[in-house]
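K.L.:
Submitted below is the structure of interest, expressed as structure tokens.
The values are calculated or read from the model by the stated rules, or taken from the named source; none is laboratory data. It should be emphasised that the depicted structure is a prediction, and the values quoted were computed from it without experimental measurement. Every residue, glycine among them, receives a Cβ derived from its backbone with ideal geometry; neighbour counts consider all protein chains shown.
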Amino acid sequence: MNDALRDKTLALAGVFQAAKLAQQLARQGHANDVPLEASIRSILITDSINTVSIYGGVDGVRVGLVTLCEKTSASKTKSDDFEIARYVLQLVQLAGKLRSDDALAADIAERIERIKNEYSGDNGASRPRLYANLAQLYKETLSALRPQIIVQGEHGYLADPEIVDKVRTVLLAGVRSAFLWAQLGGSRWQLLFDRRNQLATANQLLSELNS
């Protein structure tokens with residue numbers, strides 16, 4: 001497998017994973033802790049030596065790889081496919097806006113560093129504070145850009161501040177992955193017209209995980 005294509009597919013899986021997590025949180029009120037933690041990790045790791053380490057290994061984006069395969073190879077389009085596709089495209093568009101705004105990108109990077117320094121590690125009691133800080137960062141920066149991502153779901157869940165914080169956090173993770181994907185050579189043209197390579201690489205990565 002081409003290393004460049006592998007890295008690019010991992011980053012794209014990070015975008016799909018964020019979209020899937022946002023959908024689950026908004027519609028079910030919860031999401032699996034493993035991919036959620038991996039997506040948060042991808043925000044906080046800003047000095048990694050390679051792409052896979054950003055997610056804590058390929059398994060960190062397993063949900064994203066599965067979602068990418070499902071949505072790319074689906075023979076029949078369902079309503080939730082449109083929703084995931086919309087989130088993914090909007091995350092990619094937001095990352096594009098961010099890449100063209102050096103001042104905003106620098107501000108976000110600086111604030112992420114401050115959040116990293118304030119966060120007390122793996123203490124579970126501090127996790128809601130981490131979500132709140134990252135969500136506030138997203139709200140004060142990326143949510144002001146267009147397209148604004150409107151997450152659809154159950155009103156009861158979207159009225160819960162803790163769930164809203166988690167949704168905004170995974171959207172921030174999605175923009176981070178989309179930003180990385182673009183740095184690695186990804187483009188909206190590839191997202192729409194290079195599905196065969198994306199699907200083949202994602203399936204190969206999943207096969208390696210399952211072997």
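K.L.:
Have a look at R168, R176, R114 and point out the one that is basic (K, R), free of Cβ contacts under 8 Å to residues at least 12 places away in the same chain and not in a loop (DSSP other than H, G, I, E, B). Spell out how you get there, then give the answer.
P.N.:
Working: R168 fails: free of Cβ contacts under 8 Å to residues at least 12 places away in the same chain; R176 fails: free of Cβ contacts under 8 Å to residues at least 12 places away in the same chain.
R114 is the lone residue from the list that is basic (K, R), free of Cβ contacts under 8 Å to residues at least 12 places away in the same chain and not in a loop (DSSP other than H, G, I, E, B).
K.L.:
Which residue is nearest to the chain's Cα centre (by Cα), if the candidates are limited to the stretch 193-203 and must be part of a helix (DSSP H, G or I) and more than 12 Å from A13 (Cβ to Cβ)?
P.N.:
In the first step, residues of the stretch 193-203 are kept if they are part of a helix (DSSP H, G or I); the result is 193, 195-203.
So of that shortlist, the ones also more than 12 Å from A13 (Cβ to Cβ) come out as 193, 195-197, 200.
Numbers: F193: 21, R195: 19, R196: 21, N197: 20, A200: 21 Å.
Ranking the candidates gives R195 first.
K.L.:
If you don't mind, another one. Check S73 against each of (1) more than 24 Å from L130 (Cβ to Cβ); (2) buried (at least 19 other Cβ atoms within 10 Å of the Cβ); (3) hydroxyl-bearing (S, T, Y) and name the one condition it does not meet.
P.N.:
(2)
K.L.:
Another question about this same structure. Out of all the residues in the stretch 8-49, which are hydroxyl-bearing (S, T, Y) and either over 26 Å from Q190 (Cβ atoms) or without any contact (Cβ under 8 Å) to a residue 40 or more places away in the chain (or both)?
P.N.:
S48, the sole residue that qualifies.
K.L.:
If you don't mind, there's one more thing I want to ask. Would it be correct to say that S53 is assigned to a helix (DSSP H, G or I) and either small (G, A, S) or touching a residue at least 24 places away in the same chain (Cβ under 8 Å) (or both)?
P.N.:
In short, yes.
K.L.:
Here is a follow-up. Would it be correct to say that L65 is of a type in the set (A, V, I, L, M) and either outside any helix (DSSP H, G or I) or under 13 Å from the mean Cα position of the chain (by Cα) (or both)? First the steps, then the outcome.
P.N.:
Working: of a type in the set (A, V, I, L, M): yes; either outside any helix (DSSP H, G or I) or under 13 Å from the mean Cα position of the chain (by Cα) (or both): yes.
It is true that L65 is of a type in the set (A, V, I, L, M) and either outside any helix (DSSP H, G or I) or under 13 Å from the mean Cα position of the chain (by Cα) (or both).
K.L.:
Here are some residues: E208, E154. Which one is in contact with a Lys or Arg (Cβ under 7 Å, 6 or more places away or on another chain) and acidic (D, E)? Before you say what the answer is, go through the steps one by one.
P.N.:
Values: E208 fails: in contact with a Lys or Arg (Cβ under 7 Å, 6 or more places away or on another chain).
Sole residue among the options that is in contact with a Lys or Arg (Cβ under 7 Å, 6 or more places away or on another chain) and acidic (D, E): E154.
K.L.:
For a quick check of your reading of the model, give me the residue pairs whose first member lies in the stretch 189-202 and is free of Cβ contacts under 8 Å to residues at least 40 places away in the same chain, whose second is surrounded by 15 or more Cβ atoms within 10 Å (Cβ to Cβ) and not in a helix (DSSP H, G or I), with beta-carbon atoms closer than 7 Å and at least 6 apart or on different chains.
P.N.:
none
K.L.:
Further, regarding this structure: For G29, are the conditions met, namely being under 26 Å from L158 (Cα atoms) and at pLDDT 95 or above?
P.N.:
yes
Matching residues to (1) surrounded by fewer than 20 Cβ atoms within 10 Å (Cβ to Cβ); (2) under 27 Å from K116 (Cα atoms):
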| site | (1), (2) |
| --- | --- |
| V15 | no, yes |
| Q23 | no, yes |
| A26 | no, yes |
| A38 | no, yes |
| T46 | yes, yes |
| V58 | yes, yes |
| G64 | no, yes |
| F82 | yes, no |
| A85 | yes, no |
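K.L.:
Look through the stretch 150-165, keep the residues that are touching a residue at least 24 places away in the same chain (Cβ under 8 Å) and of a type in the set (G, A, S), and return whichever of them is surrounded by the most Cβ atoms within 10 Å (Cβ to Cβ).
P.N.:
My answer is G153.
K.L.:
Among the listed residues Q190, Q136, which satisfies the condition of being modelled with pLDDT of 95 or more, in a helix (DSSP H, G or I) and of a type in the set (S, T, N, Q)?
P.N.:
The conditions single out Q136.
K.L.:
Working only within the stretch 41-90, note down all residues that are β-branched (V, I, T), more than 22 Å from S207 (Cβ to Cβ) and at pLDDT below 95.
P.N.:
Residues of the stretch 41-90 β-branched (V, I, T): 43, 45-46, 49, 51-52, 54, 58, 61, 63, 66-67, 72, 77, 84, 88.
With more than 22 Å from S207 (Cβ to Cβ) added as a condition, the list becomes 43, 45-46, 49, 77, 84, 88.
If the condition is that a residue be β-branched (V, I, T), more than 22 Å from S207 (Cβ to Cβ) and at pLDDT below 95, then I45, T46, I49, T77 are the ones that fit.
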